[in-house]
Amino acid sequence: MFLIGKMPASTNLVSRIDRPLWRCLPVLLLVLISFHVRAQIRIEVIKHPKFILKDSSLFISGTFNNWSPGEENFKLTRRPDGVYYFDLPDTLTSFEYKFTQGGWQIVEGYADGKILPNRVYNRQLEDNPHLVRVVIEGWEKQPEYTLIVDKVPESTPFDASLYVTGNFNNWNPGDKNYKLRKQIDGSYQVLIYFNGERIDYKFTRGTWKSAESSSGGRTMANRSTNRRSATGKIRVEIAGWEDISGGLQLYSIYDLLLLFSVFQGLLLIVTIPTIQEYNREANRWLILLIGFTSAILLIKVVSGYPEVEHTLPKLQLIPDFILFVYAPLFYAYIQRLLFQSRNQLRLVFYVPVFVQFFVYMVYFLMDQPAFQAKLIEPESELRIIRFCMSSVALGLNIYYWVKCLGAINFYKVNYQNSNSYEQNLQYLNTVLFIQAACLVVWFVTFVVAVLAWMFGWEISNVIDISIDTLWMTFSVITFFLGYFVIHEPDIFRLPQTLSQVDELTKVELDHQVADYLNHIGKEKEEVSMENLDMLKEKVTIYMEKYQPYTNPKLSLVELASRLKLQPHILSKVINSGFGMNFFDYINTYRIDEFKRRVEDPQYKNYTLLGIALDVGFNSKTAFNRSFKKITSQTPSAFFNTLKE
């Protein structure tokens, strides 16, 4: 008591001054709250129709959030009296907006279900700019789809939740509004409202890594249903999950075939250079072609696995580069192999792939989530670009295939006019046949895809099977090349050089070759009938006396050099005087000599193939083909005649 009574006067003064301030604090707090509320724009929904989706809520979407229909930050709050509200910053002076139930598939409309125009807020026109009360009359009437999953994979975890995602919810794989509910019969159901012409969707277990797949675990195309073909209830079965292996299925076999082709390609890259006297210049292009093809096939297989697809989704674009690279490389190989052309690498051939690279670079630099969204969305510009690239590439590949076929046919015709031995081009014919099969599958797939787009057909599975068939057919080329390398390595060797002749030096012989090449395709030098008969006699005497046809690699240029004639003059004599090309002319002498030796006791210890090779044929196949062509009977029929 004494101490309190002696308290300094200054302390009592402060207490008297502070007491009124404490009494004013509640008033100040109310003022601050009122100022805060006045600094915002409150939107209140005082009345709304019954929610379509169970346990749903209201969201506001507008120009202030880029019209995002279900963003959690723009979810309205429900008061105890049932009024929903949301506060927007007072800095907004005008904006457009609408209310949704979390997505554009359920958006406010008129009471009769018709489309309601966007609501408009304008501060200058509002009675109370800080408080806007609205009534939701109804929801837009949209087509209704009931998805029923009758069967799920046996490997599905017993406690798994199933979701459906698609173009109706911005491809959100774990949207709780689209969680399937298990029915008494074991099926799963979900109700979808969507106003688009086509609904694209997929089933997941909540993430993209656990999306549905084929039975082998391979990523499958989006499911799709057109409004016109939908019956209200859509029943489906889920074959597998990307993150749960389903065992050895067709997909695994497909992978193995492509991987075997890759390993075969690597074996060829190692084997071809080891062939003695292999055609270094031409096979350099072949090795480049095989190496590029093997790399693309490997990336194609690897990028198809779900783990890689989700980690490195952009890897799926790499195989597209084969569309514009393979055909020019193969054509360059043909030119170098058949015509020793050194102008294969014309940059104009590779302009399309450069264009493709720069177009794809936009997507290579894109962030991964945005890229994945474009990869999934059926009508994204990425899919449209890839389809356009494939369409252009189809035309270019057909063009190069025709050029390769024309080059081979041209070579065969001119080859028989200047050479007496048969060049084995069977492997090129085989490769062209497989390429033709690929082009047919490619063209049919393109036509079917265009028709499906025009008429709204749902054939995504058919398109996938066609594309897989195309890749498997293409991979067979490497297997055939491997077969020919092992069984017929001669076709990858350098052509043997011309035999040495005493009459001309090599330089002079080269001039003869150049002279002959200069006359190909030009008007032939006139040879009088008198000179033609004299030249025919000269050639005949030389052929019978010296038997140059026993040289398996005899060429027109070499024979002309022995006869002291220009190659184009000798060609004119054989074509006009004897009525046949150089190839058939020489082989006629070989067949006659073969028949003579077969009946000569001196050759009784020789095999028939030994005699055929001794008279100048370079293989059994070449002998059989020439014998039948010249004598109009097979060797077997000829031998039967001799026995009789």
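Below are the figures for this structure:
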read-out: Placed amide H near residue 162: partners under 5 Å, 5+ positions off or other chain; value: 180
read-out: When each of 403/572; 179/209; 50/141; 545/620; 538/572 is checked by Cα-Cα distance, pairs over 20 Å; value: 403/572; 545/620
read-out: For the range 360-373, Karplus couplings with θ = phi - 60° (6.51, -1.76, 1.60), whole Hz, Gly/Pro x; value: 6, 4, 4, 7, 5, 8, 6, 5, 4, x, 5, 5, 4, 4
read-out: For residue 391, net neighbour charge (Lys/Arg +1, Asp/Glu -1) across residues whose Cβ lies under 13 Å away; value: +1
read-out: Whole-angstrom gap from the range 63-122 to the range 615-632, using each part's C-alpha centre; value: 87
read-out: Ranked packing of 319-329, 540-550, most packed first, by mean Cβ within 10 Å; value: 319-329, 540-550
read-out: Charge sum, other residues only, whose C-beta stays under 14 Å from residue 261's C-beta, Lys/Arg counted +1 and Asp/Glu -1; value: -1
read-out: For residue 148, distant residues with modelled amide H under 5 Å away; value: 234, 235, 236
read-out: Pairs beyond 28 Å (Cα-Cα), from 300/374; 233/314; 536/604; value: 233/314; 536/604
read-out: Packing rank of 462-471, 57-66, where each peptide gets the mean count of other beta carbons within 10 Å, highest leading; value: 57-66, 462-471
read-out: Karplus (6.51, -1.76, 1.60) ³J(HN,Hα), θ = phi - 60°, over the range 613-628, in Hz, Gly and Pro reported as x; value: 6, 5, 8, x, 6, 9, 6, 5, 4, 5, 5, 4, 5, 5, 4, 5
read-out: Whole-Hz ³J(HN,Hα) from phi, Karplus 6.51 cos²θ - 1.76 cosθ + 1.60, for the range 82-94, glycine and proline x; value: x, 7, 9, 9, 8, 9, 10, x, 6, 6, 6, 9, 7
read-out: Model label zone, residue 410; criterion: amide N under 19 Å from point 7 Å along Cα-to-beta-carbon; scope the range 303-335; value: 327-335
read-out: The range 144-241: equivalent-ellipsoid semi-axes (sqrt of 5 x gyration tensor eigenvalues, Cα, Å); value: 20, 15, 13
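Rule-based calculations on the coordinates, nothing more; no lab input. This structure is a prediction, so every number in the text was calculated from the model and none was measured. Cβ sites come from the backbone with ideal geometry, for glycine too, and all protein chains shown count toward neighbours.
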